[in-house]
Each structure stands twice: as structure tokens, then as C-alpha cells.
Amino acid sequence: HLNGRFHYDPTPATPLLTGELDGPQLDLRDLIPAFGGAPEPRPRPRDRLLPTREFDIPSLARMNARVAVRLESFTLGTVFLEPLQPLRARIVLQARVLTLDRLQARAARGEVLGSVSLDARLPLPRWTVDLSWSGIDLERFIKARDPYAARVRSATAGKKSRDKAAAAAATGAAPGYIGGTLGGHARLQGRGRSTAAMLASLAGRSQW
């Protein structure tokens, strides 16, 4: 599902990869082999929300890179979150510091802008996140459904509304566990060797 135009230069002390990556779809899990890790199994509906498989951090020292990214859909490694559609960014790997900058993506009718970086020069890798987001429909973005709420709504609504709620529950269109529109800005740092560890340790300043 991907197209690439790359140039690999092995002559510097640290080889350099440049080019462009585009295509209709990329899954976050599919990036793990690029860091030397084994592919992560596709999640079942009851699997953990966030990927816990560790990246092979030392592999970031093998080369430097500058790659432009243009994707129509970027799946976030879990069945519970709606993909980013589309996504535009630049990947820069320099001296074991990996940066995703110039990030611009659409998400659940909203927008995400900013950058994410990973500093692999430290014993425990440090992640830095600088993101802003606006207009994100949470019920759509977080795809987990709440069938209990649908049953309660059906039991307490009037006949017309009750029929509508029952029909929604029957087709799997139960309401989400969370709703509303999300907007804000965050500058955060975390440490860890996996997506789950990084997100669990994030600290910093944010505005919602």
C-alpha cells in the first residue's frame, strides 16, 4: 500500500537515507521492524488499548534520514482509535535523535498539528511531544462502544426514541464511552521503549 522514492548514501561515516514516502495506508505496528523489532500481532477486540512491544532503540544509530511523508490514512496500532486521515509530516533521524515534525493530520473531523521526537542517546530514551489539536469528535475518534448505555437509553426513552435506540444497539451503533469535542495544546516529555511506556510516563504542560 506504500510508494517510496529513496536515495541511500553509504559514503558518510553514518549512512544517509533521503526521499519521500506516500500511499493510501500505513499502520503504526508496521513501523516496528524499521527499529529492529519483530512485527506485533494484530490485536483482538479485548487486547490492550496501547502497543507494549519494545522498539529496538540501538538500531537508530545505524543511519541518518530525511524523509517526507504523505499518507491518506495512518492507523494508530489499535482497533479502538480512528485512523488519522490524511497525514503529512517529515521524518528526520540525526545522531540517534528521531523526529517527526511538520505534522499535519485530520482526525475525527478535527485537526492535529505539531511534532514528536525520540532522543535515543540516553540510557532510557526520552520522548518529547509538542502537539495542538482542535475540533476532534471524541465519540467518533475513540471507537469503543457502550452497549449498556444503549440499553439504558432504550429503556428510558419514549416509544419513538426507544425504537431508534434499540435499532442502533442491534446494528452495533451503541453510543461511545466518551463524547464531546476535543481541542488543546500540549508540550510533554516521557521516557520508555514502547508506545505504552512512553504514554504512561508523559508529564508536562497542556491546555484543553
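In whole Hz, with x marking every Gly and Pro, tabulate ³J(HN,Hα) for segment 62-71 from phi via Karplus 6.51 cos²θ - 1.76 cosθ + 1.60, θ = phi - 60°.
With the stated coefficients, segment 62-71 comes to 6, 7, 9, 7, 9, 9, 7, 10, 9, 10 Hz.
Place the peptides 99-110, 178-189 in order of packing, highest mean first, counting for every residue the other Cβ atoms within 10 Å and averaging per peptide.
Working: 99-110: 17.4, 178-189: 14.0.
In descending order of packing, they fall as 99-110, 178-189.
At R0 = 30 Å, how high is the FRET efficiency between ARG66 and LEU122 if r is their beta carbon distance? Nearest 0.05 is fine.
Values: r = 23 Å, r/R0 = 0.75.
For R0 = 30 Å, the calculated efficiency reads 0.85.
How do the peptides 88-98, 114-124 rank, highest first, by the average count of neighbouring beta carbon atoms within 10 Å per residue?
Numbers: 88-98: 17.2, 114-124: 15.4.
The peptides rank, most packed first, as 88-98, 114-124.
For ILE178 paired with THR11, estimate the spin-label separation in nm (one decimal), with each label point 7 Å from Cα along the Cα-to-Cβ line.
Each label point is offset 7 Å from its Cα along the Cβ direction, giving 5.1 nm.
If I compute solvent accessible area with a 1.4 Å probe over the protein chains, what percent of it on segment 44-124 is carbon and sulfur? Each step should come with its number before you reach the end.
On the way: 2380 of 4410 Å².
The computed percentage sits at 54.
Name the residues whose placed amide hydrogens come within less than 5 Å of the amide hydrogen of ALA108, ignoring near sequence neighbours (fewer than 5 apart) on the same chain.
GLN85
The values are calculated or read from the model by the stated rules, or taken from the named source; none is laboratory data. Keep in mind that this is a model prediction, so the values were computed, not measured. Note: ideal-geometry Cβ built from the backbone for every residue, glycine included; neighbour counts use all protein chains shown. SASA here: full protein model, heavy atoms, side chains in, ligands and nucleic acids out. Shrake-Rupley method; radii C 1.70, N 1.55, O 1.52, S 1.80 Å.
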